[in-house]
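Comments concern the structure below.
Every number in this text was worked out from the coordinates using simple rules, so none of it is lab data. In this text the structure is predicted, and so the values were computed from the model without any measurement. We place every Cβ from the backbone using ideal geometry, glycine too, and count neighbours over all the protein chains shown.
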Amino acid sequence: MVVLAGDGATVDIGLDMTLQAWFRQEKFTTICFDNELYANTGGQESGLMQRGFVAKMAPVGKLFDKVRLPEIARESGCHYVVNCTVSKPSLVEKVIRNAVHIAREVGPTYLQLYTPCILEIGKNSMEGLQEMRDSEKPTERFAYKEYISEPAKQLLEEMAAKDKERKERQRRNNWPVRPNRTGGPIMIKRRLNIRMSGLGGQGAVTAAHVMAMAANRDGKFSISNPFFGAEKRMAPAESYCRIGIERIYDRGELVFPDVIEVFHPQVITMGKSYTMPFYSGIKEGGVVIINSDIPLLSDDDVERLRDLNVPVFYIPGTQIAMEVAGTELSTNMTMIGSVAGITKCVSMEALDGALQERFGKKFVASGGTASLDEAIKKKFAKKEMLLAKNLATVKRAYEIASEWAETNKVELRVGKPAVAA
């Protein structure tokens, strides 16, 4: 059981019941989203507010110190207590996983996560992120603190040992479970799930559609679908493509992808993604493809992906589109070529046919997609030139990605494995 609550339900109104559950050693995790005020009711004072802080509904300022609930949780019998911000998603993922496992087997756990309400403190999203980073410095109130009881520590050690043993057993049996940079078995899957994260106007929806049509031409089953909010340029937009050797029935948001493609750096640098971090849910042994000519990942992100054995492929997709097709509107073609080059999930012949079908007929996934298609067509005097330039862009990216995959011994394939992944 996991309880998600804010300042009031955790520290003020709900503390009595929470304490009693901790005393009884009930097996559940409490996650407190610490806004340091009551954000949903106009900025009221809460027990977790800092001394002296002035809010809309607390004009004279807080008169006493912030309640030290992590210390109370520890003294009340919680076996795992963490105090931190949510500025590092990979760290948050790790502590939540630990907390849930410990609560399930040992006893109650408590996480206090600083999530400032940027509307109430008068900051934009990036300033809010900096506020969290400033507050987690070693001498500040949200410096990372972790308490683990002896039984909980023993459980985590046992889990780590079992995970190490599982990976070693897979290696000994030569199971086709995942690729790695130093060589090893190819991961062969019955289905490949691709999540394309970009911004409005980049053609992520078109890219997924073209990939799905190409897979059909190769005799595979496939489904593509878009996922976005406001139809405007530079707003977050995602699309998903599922390709397999068996009929596919599920649609909608793709939570656990094998491949993640990032069409624009702002997906990472500004958090313009429907999942945070952008690689949330990536399967072990998957691949991340990023349209950038410079590294964008933090050290924490690199470490987390390395633990999952997920290699990262950077490709200057927009630059290639400009060089080959003469327009940045063909950036999505480089992303198509990249995923095809690494995974070999569709052939170049099938992609050629899919491009001719897509731009030779009128497909309308949305008003914005139709407008983008027309904008691309206007960039070229003749439809034949449009098709030729787009295909050339796909081929260039396909060749670069194929070479990278071969060099780094990274390859995902869709087929009938001896042992299904």
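Averaging the sequence gap over all C-alpha pairs within less than 8 Å and six or more residues apart, then dividing by the number of residues, gives the chain a relative contact order of 14 percent.
What pairs in K189/K283; K189/K389; K145/K283; K62/K145 have C-alpha atoms more than 21 Å from each other?
Cα-Cα > 21 Å for K189/K389; K145/K283; K62/K145; rest within.
Taking the longest Cα principal axis of the chain as reference, the axis of helix 367-378 is set at about 40 degrees.
Near G6, the amide H atoms lying under 5 Å from its own belong to F33; only residues 5 or more places off or on other chains count, and H is placed 1.01 Å from N.
Subtracting the Cα-Cα distance of T41 and V60 from 0.36 nm times their residue separation leaves 5.1 nm of extension gain. For segment 187-414, the convex hull drawn through the C-alpha positions has a volume of 107 cubic angstrom per residue. Straight-line cross-link reach from K220 at under 12 Å between alpha-carbon atoms covers these aspartates and glutamates, not counting any fewer than eight positions away in the same chain: E246.
Computed from backbone phi, the HN-Hα couplings of segment 8-17 come to x, 5, 8, 9, 9, 5, x, 5, 4, 5 Hz, rounded to whole numbers (Karplus: 6.51 cos²θ - 1.76 cosθ + 1.60, θ = phi - 60°; Gly and Pro given as x). Rounded, prolate or oblate: which fits segment 25-97 when a ≥ b ≥ c are the square roots of the eigenvalues of the alpha-carbon gyration tensor, with rounded for a/c under 1.5 and prolate only if a/b beats b/c? Prolate, because a/c is 1.5 or more and a/b exceeds b/c. Each residue of segment 200-215 is assigned a 3J(HN,Hα), and the resulting list reads x, x, 8, x, 5, 5, 4, 4, 5, 5, 4, 4, 5, 5, 5, 4 Hz, derived from the Karplus form 6.51 cos²θ - 1.76 cosθ + 1.60 (θ = phi - 60°), x at Gly and Pro.
Taking chymotrypsin sites (Phe, Trp or Tyr not before Pro) as exposed when DSSP calls them loop and at most 11 other C-beta atoms lie within 10 angstrom, the chain has its longest site-free stretch at 65-248. Among the listed values [x] 22.1, 68; [y] 24.7, 75; [z] 23.6, 76, the one computed from these coordinates for Rg and Dmax of the Cα atoms in Å is [y].
Convex hull volume of the Cα atoms of segment 2-154, normalised per residue: 107 Å³.
Between R169, R306, R358, the residue with the greatest mean-square fluctuation in the GNM of the chain (Cα pairs under 10 Å linked by springs) is R169. The angle between the Cα long axis of helix 331-343 and the longest principal axis of the Cα atoms of the chain comes to about 90 degrees, rounded to the nearest 10. Residues whose amide H falls under 5 Å from that of E261, counting only those 5 or more places apart or on a different chain, are R195, M196, S197, I289, with hydrogens built in the peptide plane. Under 5 Å from the amide H of V310 lie the amide H atoms of G285, each residue being 5 or more positions distant or on a separate chain, with H modelled from the backbone and absent for Pro and chain starts.
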